[in-house]
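Student: What follows is a single structure, and I will ask about it in a moment.
The values are calculated or read from the model by the stated rules, or taken from the named source; none is laboratory data. Just so we're clear, the structure is a prediction, and the values are computed from it rather than from any experiment. Backbone-built Cβ (ideal geometry, glycine too); neighbour counts: all protein chains shown. Surface areas here come from the heavy atoms of the whole protein model, side chains and all, with no ligands, DNA or RNA. Shrake-Rupley method; radii C 1.70, N 1.55, O 1.52, S 1.80 Å.
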Amino acid sequence: QVQLVESGGGLVQAGGSLRLSCAASGRTFSGYAMGWFRQAPGKEREFVAAISWSSGSTYYADSVKGRFTISRDNAKNTVYLQMNSLKPEDTAVYYCAARFVPLFTRVGVVTPAYDYWGQGTQVTVSS
């Protein structure tokens, strides 16, 4: 019974900040990549950021690099996405995901082929 539960979404003005949380449970996540994806209305789901549960190494989509920071607290089994300098184009449903990967590589984490997904949390950025 693996569960990923997102929280922290909401409505903010452009330029503002939000911190999303993903509470992970049901297994040990050693060897897993923990990722954030988002899906805007009428668009495909896209990769945002990923972190290695074990090493803390990260990858970011170019569209969020320098504005978003992914992190994890292993003791709390929680992954975070700190979102700063938010833009209206960041408006989307944000999903937490986990994927077992033999090696933590960019090609292995940008794919939507993750093993587990959360329910999503809405982020709306007003102009």
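Student: Mind checking which pairs have a first residue in region 1-22 that is of a type in the set (D, E) and a second that is open to solvent by 30 Å² or more (accessible area, probe 1.4 Å) and part of a loop (DSSP other than H, G, I, E, B), Cβ under 8 Å, 6 or more apart or different chains?
Tutor: E6/Q119
Student: Tally time: how many residues in region 103-127 are assigned to a helix (DSSP H, G or I) and either touching a residue at least 40 places away in the same chain (Cβ under 8 Å) or not hydrophobic (A, V, I, L, M, F, W, C) (or both)?
Tutor: Total meeting the criteria: 4.
Student: What is the residue count in region 43-79 for residues that are in a loop (DSSP other than H, G, I, E, B), charged (D, E, K, R) and surrounded by 14 or more Cβ atoms within 10 Å (Cβ to Cβ)?
Tutor: So the answer is 2.
Student: Still on this structure, please answer the following. Say we look at region 88-102 and pick out the residues that are open to solvent by less than 30 Å² (accessible area, probe 1.4 Å) and assigned to a strand (DSSP E or B); which of these is nearest to G31 (Cα to Cα)?
Tutor: A98
Student: Which numbered condition trips up R38, out of (1) touching a residue at least 24 places away in the same chain (Cβ under 8 Å); (2) open to solvent by 70 Å² or more (accessible area, probe 1.4 Å); (3) within 14 Å of the chain's Cα centre (by Cα)?
Tutor: Tallying (1) touching a residue at least 24 places away in the same chain (Cβ under 8 Å); (2) open to solvent by 70 Å² or more (accessible area, probe 1.4 Å); (3) within 14 Å of the chain's Cα centre (by Cα), R38 fails exactly one: (2).
Student: Working only within region 15-35, note down all residues that are surrounded by 14 or more Cβ atoms within 10 Å (Cβ to Cβ), farther than 19 Å from A75 by Cβ and either more than 14 Å from the chain's Cα centre (by Cα) or basic (K, R) (or both).
Tutor: G16
Student: Across region 103-119, what is the number of residues that are surrounded by 20 or more Cβ atoms within 10 Å (Cβ to Cβ) and over 15 Å from the mean Cα position of the chain (by Cα)?
Tutor: Qualifying residue count, region 103-119: 1.
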